[in-house]
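Below is one structure, written out as structure tokens, with a few remarks after it.
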């Protein structure tokens, strides 16, 4: 069958790679010019497809993104296609099946999926598959990976999803929740909550470790999330000993280069930060037993790290999940901003969206959708409110990155007018009563730029952004 190029949709969730390859598209264009023939692309008609605030019908590309781009570049209006299923599918009910079919196509030809692509897909599916419909063997078959490898990639997610009520109670207790709060969250009496917390025996971890079991096995065995299992294992150790046990390595200087997130801690979440960064922050700027406040918790990296290092933690976010009872709902309304915490914290770890970066991945009410001036005004209001509701000794850890509109723009041609830089954040902090004490470099990984992208940027003299900063401040 022939389909119109303009009728096809490139769905970023369904397409199994992190991005398209300009090198592959160029090679295809050259091959087409000399008369090469290409196989049909694979498509699927769907309905119930989100288009803004409405749903519509669409034709999704399952295989052949680079061929589609090649035809578009050459101005060809139609492309040969075959359909996976011969009737339209409900997009929302079949998202995972569509993704896996697309992935299966891309492990056998063309630019084959990398191990990191397969890992990302497996974790994305596991994170949304709360009923465990897709087993490790299912994913292994579709992604062309061994079942032990798949299990290793997603075991922490599955364990967290299956966490029992008892381990949730223990988790909340270790994060500093009161017995009354725990009882309300877990649906048990205060007496029962107290009994459950008192019956945790730390020796259970050591016993299984001595038998040769790893932490993933121990977490599964006791039906607890991996962060809680690790916190029990590390009980009684100093902060430095915990760094060694976790295999993190303790940075001594003011540049913390951490290329990858530790999958053991925090959910797979847009804008996820490395647990190692949070660990270094609580090591240098808090003490065991201190209260850490996380106003935009996202995937829960901060409460997980607080568990590990014996800090209390209260965390809030627009998005809440059943498997994350410690993250409470709160909307930071810029027009009527309210403070949700009764007790004054010792450390505030504030990791908001980096202006509009990843705006498409966040909730519609996220501040990432605000225009530049409103975004900056929001931060100033937040800093001012935080100044009012914290102690004289409270430390603020504010994480953000330079935002420059460098896409397809040579460095000499960039306009600074729309940028949001570290200077802007420092000015806002100063205006709202905070004094900067440290600026620590925590750069974004340059590995997210593929080789062909780097080459194209160099040819056009485009200067990308990897700068990110941890600004530490105290009340002036």
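Read-outs: derived from the displayed coordinates by stated rules, not from any lab. This is a predicted model, so every value here is computed, not measured. Here Cβ is always computed from backbone atoms with ideal geometry, including for glycine, and neighbour counts include all displayed protein chains.
Sort 456-468, 53-65 by the packing proxy (mean of other Cβ within 10 Å over each peptide's residues), most packed first.
In descending order of packing, they fall as 53-65, 456-468.
Which percent, nearest 5, of DSSP beta bridges in the chain are antiparallel? Intermediate values should be presented prior to the final figure.
Details: 26 of 47 bridges.
Counting only bridges with both partners in the chain, antiparallel ones make up about 55 percent.
Taking N as the number of residues in region 252-381, what value does Rg over Cα atoms divided by 2.2 N^0.38 Å take?
On the way: Rg = 14.7 Å, N = 130, 2.2 N^0.38 = 14.0 Å.
It is 1.05.
Report, largest value first, the span of the C-alpha coordinates of region 1-110 along each principal axis, in whole Å.
Extents along the principal axes, in whole Å: 42, 27, 26.
With a ≥ b ≥ c taken as the square roots of the eigenvalues of the C-alpha gyration tensor of region 160-240, please select rounded if a/c is under 1.5 and otherwise prolate if a/b is larger than b/c or oblate if it is not? Provide the component values of the computation, followed by the final result.
Details: a/c = 2.15, a/b = 1.68, b/c = 1.28.
Since a/c reaches 1.5 and a/b is larger than b/c, the shape of region 160-240 is classed as prolate.
Distance between the C-alpha centers of region 398-430 and region 134-156? Whole Å please.
41
For the chain, what is the mean residue ellipticity at 222 nm derived from helices alone (per DSSP H run of n ≥ 4: -39500 (n - 2.57); sum divided by total residues; nearest 500 deg cm²/dmol)? Spell out each step's value before the answer.
Working: 18 runs with 187 residues, N = 476.
The helix-only estimate for the chain comes to -11500 deg cm²/dmol at 222 nm.
Any chance you could give the angle, 0 to 90 degrees and rounded to 10, that helix 275-285 forms with the longest Cα principal axis of the chain?
30
Taking the Cα centre of each part, how many Å lie between region 179-256 and region 322-388?
Computed from Cα coordinates, the inter-centre distance equals 29 Å.
What label, among (1) 1.07; (2) 0.94; (3) 1.40, belongs to Cα Rg over 2.2 N^0.38 Å computed from the structure on display?
(1)
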